[in-house]
1. Would you confirm, using the coordinates I've provided, whether residue 60 is touching a strand residue (DSSP E or B) at 6+ places or on another chain (Cβ under 8 Å) and either surrounded by 15 or more Cβ atoms within 10 Å (Cβ to Cβ) or closer than 19 Å to residue 6 by Cα (or both)?
2. Search the range 11-41 for residues being part of a loop (DSSP other than H, G, I, E, B) and out of contact with any Pro (no Cβ under 8 Å at 6 or more places or on another chain), and hand back the single one that is farthest from residue 58 (Cα to Cα).
3. When you look at residue 45, is it buried (at least 18 other Cβ atoms within 10 Å of the Cβ) and outside any strand (DSSP E or B), yes or no?
4. Could you grab me the full set of residues in the range 66-108 that are among the hydroxyl-bearing types (Ser, Thr, Tyr) and crowded, with 18+ Cβ neighbours inside 10 Å?
5. If I ask for residues that are of a type in the set (D, E, K, R) and modelled with pLDDT of 95 or more, which ones from the range 31-49 would you list?
6. Kindly establish whether residue 19 is exposed (fewer than 15 other Cβ atoms within 10 Å of the Cβ) and not acidic (Asp, Glu).
7. List pairs: first residue in the range 16-30 and touching a residue at least 24 places away in the same chain (Cβ under 8 Å) and closer than 15 Å to residue 101 by Cβ, second residue part of a strand (DSSP E or B) and among the aromatic types (Phe, Trp, Tyr) anywhere in the structure, Cβ distance under 9 angstrom, at least six positions apart or on different chains.
8. Could you give every pair whose Cβ atoms fall below 6 Å, whose first residue belongs to the range 37-60 and is within 12 Å of residue 105 (Cβ to Cβ), and whose second residue is among the basic types (Lys, Arg) and modelled with pLDDT of 95 or more, counting only separations of at least 6 or pairs across chains?
Amino acid sequence: MTPKDIFEKQIAERLSSDAAKAAVKDLDAVYQFHITGDDGGDWYIDCRDGTVNQGTDDDADCTITVADEDFVNLVTGATPGPQLFMMGKLQIAGNMSLAMKLSQVLGT
């Protein structure tokens, strides 16, 4: 499993359901993800319309930077987000309170 698979298949499919769209729409935010490493890239999730897009959004409310392997571990539940943050493996820029709601967006 790669970050691309997670964003473009797993998260996109989950957010295509009306229930998931309604759950994240209340966040009224854009999450930017910068995934480093060989399988990395940039994706953003627009919670207002429940879409996942490859690339960057300069107006993102919260930006998450994490290595590809750590991102996979985060989404699969192998490593909790707070642990990655405390170890310095997950960096957050922007609205910190939105970062605390990340599990709603990722479905973890």
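1. Values: touching a strand residue (DSSP E or B) at 6+ places or on another chain (Cβ under 8 Å): yes; either surrounded by 15 or more Cβ atoms within 10 Å (Cβ to Cβ) or closer than 19 Å to residue 6 by Cα (or both): yes.
So residue 60 passes the test.
2. We begin by selecting, within the range 11-41, every residue part of a loop (DSSP other than H, G, I, E, B); these are 16-17, 26-29, 37-40.
Then keep just the ones that are out of contact with any Pro (no Cβ under 8 Å at 6 or more places or on another chain); that gives 16-17, 26-29, 37-38.
Details: 16: 24, 17: 27, 26: 21, 27: 18, 28: 16, 29: 13, 37: 21, 38: 23 Å.
My answer is 17.
3. Numbers: buried (at least 18 other Cβ atoms within 10 Å of the Cβ): yes; outside any strand (DSSP E or B): no.
When the stated conditions are applied, residue 45 does not pass them.
4. Step one: filter the range 66-108 for residues among the hydroxyl-bearing types (Ser, Thr, Tyr), giving 76, 79, 97, 103, 108.
79, the sole residue that qualifies.
5. We begin by selecting, within the range 31-49, every residue of a type in the set (D, E, K, R); these are 38-39, 42, 46, 48-49.
Matches in the range 31-49: 38, 39, 42.
6. Working: exposed (fewer than 15 other Cβ atoms within 10 Å of the Cβ): yes; not acidic (Asp, Glu): yes.
For residue 19, the condition - exposed (fewer than 15 other Cβ atoms within 10 Å of the Cβ) and not acidic (Asp, Glu) - is met.
7. Going by the 9 Å Cβ cut-off, the qualifying pairs are 30/44.
8. Cβ pairs passing all conditions: none.
The values are calculated or read from the model by the stated rules, or taken from the named source; none is laboratory data. Computed from a prediction, not measured in an experiment: that's the story for all the values here. Using ideal geometry, Cβ is built from the backbone for each residue, glycine included, and neighbour counts are taken over all protein chains shown.
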